[in-house]
Every structure is written in C-alpha cells, then in structure tokens.
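Before any comments, here is the structure.
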C-alpha cells in the first residue's frame with residue numbers, strides 16, 4: 001500500500017511538472033514569424049502583448065488523475081533594439097511576462113485546484129543575421145529586396161520569476177535555460193518561407209517541491225512559417241511548430257514522460273501608421289503524444305522609434 005502511494009506521488013510529480021512546463025515553454029516559443037527578417041539598424045521597438053491559453057493535460061491512467069484542465073492569462077512587455085553586427089543586421093530583445101495561471105483536476109476522485117498570479121521568468125535574446133540581411137539605414141532599406149537570409153539566435157531565461165518550493169506548480173522555474181536556434185528565411189516575391197530548428201537546455205532545479213532535485217531533458221523544437229506580404233505593409237503567416245523531449249528526472253528517478261506535440265496557427269500584422277502596428281495570432285494543438293493539448297489567442301501592440309522615424 002505504501003509503495004503504491006509513493007509511486008503515485010512520484011509519477012504525479014513527473015506528470016504534472018513536465019506537462020505544465022511543456023505547455024508554458026511552447027506557448028512562450030510558439031511560432032514567431034519574421035524573426036530573421038532584415039531590419040534597419042538603430043530602430044527601437046516597444047511591444048505590449050496578451051495571450052490567453054486553455055487546455056487539458058493527460059496522465060498515465062494508473063495515476064487516477066482525471067479531467068485535468070488549465071487556463072492562463074499572460075501579459076508581456078518586450079523591448080527590441082536593432083544594431084549592426086559585422087555588416088549584417090542583428091537584434092537584442094528582452095521580455096518580461098506577468099500572468100495568471102489556474103489548474104484543476106480530479107485526483108483519486110477528489111477535486112484539486114491551484115491558482116497563481118505574478119511575474120514569470122524574464123527572457124533575453126540576441127539574434128544575429130549571418131547572410132542576406134545587410135545592415136542598412138532606414139533610407140537605404142527602402143530599396144532592399146530579400147532573397148535568402150541565414151541567422152542564429154540565443155535566448156536565455158533567468159530564474160527571477162515567482163517561485164515557491166512548497167508548491168508543485170509555479171510561474172517561475174527556479175532554473176536557467178539556454179536556447180540556441182538556427183533560422184533560414186527564403187523569399188519568392190511577396191511570399192517568404194521560414195524554418196528554424198532549436199534546442200533548449202535546462203539547468204537543474206535543486207529546490208523543487210520541498211527540496212527535491214528536478215532535472216529535465218532538452219526540448220527539441222522545429223518551427224515553420226509561410227508568410228505573405230501585402231503592398232500596404234500588412235502581412236499574414238501560417239505557422240507550425242513541432243517539439244519533442246522534456247523527459248523529467250526527480251531525485252534520480254526518471255519519468256516515462258517524454259513529450260511530443262505538433263501545433264498549427266496563424267499570425268496577422270496590421271500597420272496603423274508609420275510607427276504603430278497591431279498583431280493578432282492564434283494556435284492550437286493538432287497532435288499530442290503525451291502532455292498538454294491547448295489552444296491560445298493573442299494580441300500585441302507595437303511602437304517603433306529611432307533611426308529617422
């Protein structure tokens with residue numbers, strides 16, 4: 001009896017932690033079209049965004065965890081700066097999320113709930129174009145036509161978000177993550193196809209759920225976008241992501257919980273005037289081997305200045 005309860009608790013930790021963290025990670029890294037597009041140097045962008053997500057999480061039937069559902073409301077402020085890197089355009093951005101997360105499920109027939117509100121882990125990213133995106137002034141950029149762009153980026157997530165080691169679910173992860181990515185963007189007239197494989201590595205969380213040691217395998221992710229640019233400056237994108245990995249280990253015990261998921265969505269960007277634009281996006285899961293199946297909708301306002309604006 002005690003072995004069964006211990007096994008139940010251990011696999012519940014594996015299942016809940018891995019699936020919710022996977023959902024949060026993919027929501028944060030969901031398809032970002034035009035990440036490697038050329039941008040005039042010296043521009044600044046301030047972006048305010050909001051994402052609503054809801055879904056459900058599947059567990060091993062032996063755990064007797066049923067009807068596991070969650071929803072989240074996440075706002076974020078993002079600052080982006082474009083600059084010259086060895087004659088090619090580059091960008092630095094920092095993102096600060098603030099959100100509300102609520103989850104509920106039936107555990108052995110009893111209702112369990114968890115609600116939390118606060119700051120998540122901030123993220124910092126440097127994106128460097130290596131080919132096909134020359135560093136141009138705003139005036140020079142007017143005559144630029146894209147062909148093939150190749151770039152790389154590195155995103156770092158810092159353990160500064162809200163975290164309570166007595167709780168199983170948290171908005172912060174109490175660990176660092178590092179995400180190198182390769183980006184390829186090819187244009188055919190007004191159409192652009194982008195593909196970006198990446199991998200995310202996680203450091204150990206040594207204080208997980210009352211002092212346990214939490215480790216997680218890398219996340220392997222592939223995102224694609226098919227973009228159409230309109231003469232007005234608006235654009236629309238069909239986006240897709242596929243990820244695999246995130247198997248967890250708690251106190252040396254490996255979980256049988258590798259995640260695998262495919263998602264599809266779209267993005268629409270609409271210019272308001274020379275300095276302001278809005279972006280709308282939505283996405284949903286189309287295949288889930290293990291873990292979370294969720295849908296999300298979002299809206300963002302962008303203001304740009306500098307470099308002659």
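A few notes on this one:
Table: residues versus (1) under 26 Å from residue 258 (Cα atoms); (2) modelled with pLDDT under 95; (3) assigned to a strand (DSSP E or B).
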| site | (1), (2), (3) |
| --- | --- |
| 66 | yes, yes, yes |
| 71 | yes, yes, yes |
| 83 | no, no, yes |
| 90 | no, no, yes |
| 99 | no, yes, yes |
| 102 | yes, yes, yes |
| 156 | yes, no, yes |
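- Among the candidates 202, 208, the residue that is within 30 Å of residue 69 (Cβ to Cβ), touching a residue at least 60 places away in the same chain (Cβ under 8 Å), surrounded by 13 or more Cβ atoms within 10 Å (Cβ to Cβ) and in contact with a strand residue (DSSP E or B) (Cβ under 8 Å, 6 or more places away or on another chain) is uniquely 208.
- The single residue among 238, 169 that is part of a loop (DSSP other than H, G, I, E, B), over 26 Å from residue 126 (Cβ atoms) and either at pLDDT 95 or above or in contact with a helix residue (DSSP H, G or I) (Cβ under 9 Å, 6 or more places away or on another chain) (or both) turns out to be 169.
- Members of the stretch 110-151 that are touching a strand residue (DSSP E or B) at 6+ places or on another chain (Cβ under 8 Å), part of a strand (DSSP E or B) and surrounded by fewer than 16 Cβ atoms within 10 Å (Cβ to Cβ): 111, 112, 113, 115, 117, 119, 124, 126, 131, 134, 148
- Qualifying positions in the stretch 246-280 - over 17 Å from residue 34 (Cα atoms) and surrounded by 18 or more Cβ atoms within 10 Å (Cβ to Cβ): 246, 247, 248, 250, 255, 257, 259, 261, 263
- Just one of the listed residues (307, 300) is touching a residue at least 60 places away in the same chain (Cβ under 8 Å), assigned to a loop (DSSP other than H, G, I, E, B) and more than 28 Å from residue 218 (Cβ to Cβ), and it is 307.
- Residue list for the stretch 245-278, filter: closer than 23 Å to residue 221 by Cα, free of Cβ contacts under 8 Å to residues at least 60 places away in the same chain and in a strand (DSSP E or B): 245, 249, 254, 260, 262, 264, 266, 268
- Any hit, the stretch 189-197, residues being crowded, with 20+ Cβ neighbours inside 10 Å, within 22 Å of residue 92 (Cα to Cα) and modelled with pLDDT of 95 or more: yes
The values are calculated or read from the model by the stated rules, or taken from the named source; none is laboratory data. No experiment lies behind these values; they were computed from the predicted model shown. No Cβ is skipped: glycine too gets one built from the backbone with ideal geometry, and neighbour counts run over all protein chains shown.
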